[in-house]
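Only one structure is covered here, and it is reproduced in the block below.
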Amino acid sequence: MGASVIDELSLAPVHNFNSSFQDLRCSKHVHDNVHGNIYLDPLSLKFIDTEQFQRLRELKQLGLTHMVYPGAVHSRFEHSLGVYWLAREAVEKLRYYQGAELDIDHNDIQTVKLAGLLHDVGHGPFSHLFEREFLPRVLSGYEWSHELMSVKMVDHIVDEHHIDIDSGMIKRVKDMILSSSEFTRPKGSREKGFLYDIVANGRNGIDVDKFDYIVRDCRACGLGCNFQFQRLMETMRVIDDEICYKAKDYLTIHKLFSTRADLYRTVYMHPKVKAIELMLVDALLKANDYLEISSHIHDPSQYWKLDDSVVKTIETASDQELKESRDLILQIRRRNLYQFCNEYAVPKDKLENFKDVTAKDIICSQKNGGVMLQEDDVAVSNVRIDLTRGRNNPLERIHFFKDYESNDKFKISDDRISHLLPTSYQDMIVRVYSKKPELVEAISEAFENFQLKTYGIKTQVHATPEKKKRRI
């Protein structure tokens, strides 16, 4: 932050930090490679020092991305500590500048910190692959999310380890964890509703969870990150029970969402990363009946035992029932991956009524007389990349203010800021893979025919390279 920004903060602090400094000096601390020293309060340590929370060390934050970006081996444990720290920083900033006005007390601060710490304690293995790709295939129609499991795990940890904590605080922690999910309570039913937007912001998507993983993931993958969350945390202000931002920070917020979208495009949804994920999903599906992987999601006392090590369990087992899964994982190890054939971006005017493309759609588009493809020969990945609100602009949900002398909040339309900002907020990319290298040519041709049937043109940028078609 430049000195000019600090100079603009004309609200007189209503609390000094002496008590906070004393607390930090008496706290245990760890050194984080993103945020520096992170100080852990005694109550948070009671949760951290449990086998259920320590499990997060065994969950890679970016799942299988390290197979393409070798440095992406950081864990959910590091990320959770980072979100804990940024949640503390955010609520302390608000207390410093508006504490008397907002009636922020020690319990509020402790609650927000715990929500940041525990928001991912119910996360599944392999980043989001477990709940978005694997579970829907084995438990069709079953309502499950890592947020829901996180709140169950919180209760389980409290009961299992007899943690002495106020029941009201735990309820608020769980509500904060669910705040950005479809299972959240109505906004109007919350006291100090602005606190629920710090960790998981269902209102407009600006939260410390994103602040941490965007910076941490960019660093781990060797990518530059010019988004500065510190500026937003320093200048934010609560008006009418909602966290608002200075109008001059509009482009900073836009950069938050655009950086996230760039990470999805270049890292999380990288074509080769998706190929590996498709193979792992197939391996897990083939192993599920024998290992009962999906059964773990029903009971927190069993769920905490499930982590990324399930891959090692499969590949080192000698059981005949796991042979197909074992062979797939061996293919991944030896880099014999599903072959990327081609992709296309769904035309903008077709996005609203788009339905996921399936392997059946592709094989039904093959020409007669060629290789007869089967559904199991083809893998399709429907990749959605957006700015957090699907086809809508997330900045439409944000309130801004002019300066600290005014209590008025307002929205800003992007055309009032710049005509260079996007007019569309979602990409839908359809990718097709061949599970066998000798079928790349036939699948590529069927994929082109599918595009012609669906859109009247080939929407892919270029034809599949001949050398890829001949690769056997």
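Of note:
For (1) touching a strand residue (DSSP E or B) at 6+ places or on another chain (Cβ under 6 Å); (2) among the aliphatic types (A, V, I, L, M), each residue gets a yes or a no:
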| position | (1), (2) |
| --- | --- |
| Trp304 | no, no |
| Ala317 | no, yes |
| Ala359 | yes, yes |
| Ala379 | yes, yes |
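- Test: residue in the stretch 212-223 that is out of contact with any Lys or Arg (no Cβ under 8 Å at 6 or more places or on another chain), at positive phi and open to solvent by 20 Å² or more (accessible area, probe 1.4 Å): yes
- Exactly one residue out of Ala446, Ala463, Ala379 is assigned to a loop (DSSP other than H, G, I, E, B) and of a type outside the set (Ser, Thr, Tyr), and it is Ala463.
- Of residues in the stretch 332-357 being farther than 30 Å from Lys312 by Cα and among the polar types (S, T, N, Q), the one surrounded by the fewest Cβ atoms within 10 Å (Cβ to Cβ): Asn353
- Test: residue in the stretch 77-90 that is part of a loop (DSSP other than H, G, I, E, B), buried (at least 19 other Cβ atoms within 10 Å of the Cβ) and at negative phi: no
- Residue count for the stretch 427-459, restricted to those that are under 21 Å from Val273 (Cβ atoms) and open to solvent by less than 20 Å² (accessible area, probe 1.4 Å): 11
- Flag for Asn382 being surrounded by 13 or more Cβ atoms within 10 Å (Cβ to Cβ), under 27 Å from the mean Cα position of the chain (by Cα) and farther than 22 Å from Gly456 by Cα: no
- The single condition among (1) farther than 18 Å from Glu133 by Cβ; (2) touching a residue at least 40 places away in the same chain (Cβ under 8 Å) that Val281 does not satisfy is (1).
- Per-region count, the stretch 385-411, residues modelled with pLDDT under 95, part of a loop (DSSP other than H, G, I, E, B) and crowded, with 16+ Cβ neighbours inside 10 Å: 4
- Looking across Lys360, Lys367, one residue alone is open to solvent by 60 Å² or more (accessible area, probe 1.4 Å), touching a residue at least 60 places away in the same chain (Cβ under 8 Å), farther than 27 Å from Leu421 by Cα and more than 29 Å from the chain's Cα centre (by Cα). It is Lys367.
- Residues (open to solvent by less than 20 Å² (accessible area, probe 1.4 Å) and of a type in the set (Ser, Thr, Tyr)) located in the stretch 133-180: Ser145, Ser150, Ser179
- Of all residues in the stretch 440-456, those being farther than 19 Å from Lys355 by Cβ and not charged (D, E, K, R) number 4.
- Evaluating Lys248 against the criteria (1) under 30 Å from Ala100 (Cα atoms); (2) open to solvent by 30 Å² or more (accessible area, probe 1.4 Å); (3) outside any helix (DSSP H, G or I) leaves one unmet condition, (3).
- Unmet requirement for Leu94, which otherwise passes all of (1) in a helix (DSSP H, G or I); (2) open to solvent by 10 Å² or more (accessible area, probe 1.4 Å): (2)
- The conditions of being hydrophobic (A, V, I, L, M, F, W, C), in contact with a helix residue (DSSP H, G or I) (Cβ under 7 Å, 6 or more places away or on another chain), open to solvent by less than 30 Å² (accessible area, probe 1.4 Å) and in a loop (DSSP other than H, G, I, E, B) are met by Ile206.
- Every condition in (1) more than 30 Å from Glu405 (Cα to Cα); (2) of a type in the set (A, V, I, L, M); (3) more than 23 Å from the chain's Cα centre (by Cα); (4) not in a helix (DSSP H, G or I) holds for Val238 except the one numbered (1).
- Of all residues making up the stretch 419-443, the number that are of a type in the set (Lys, Arg) and not in a loop (DSSP other than H, G, I, E, B): 1
- Wholly within the stretch 305-373, helices (runs of 4 or more DSSP H) carrying at least 1 residues that are closer than 30 Å to Gln426 by Cα: 359-363
The values are calculated or read from the model by the stated rules, or taken from the named source; none is laboratory data. Note that the structure is a prediction, hence the values are computed from the model and not measured. A quick note on method: Cβ atoms are made from the backbone with ideal geometry, for glycine too, and the neighbour counts reach across all protein chains shown. Protein only, heavy atoms only, side chains kept; ligands, DNA and RNA dropped before computing areas. Shrake-Rupley method; radii C 1.70, N 1.55, O 1.52, S 1.80 Å.
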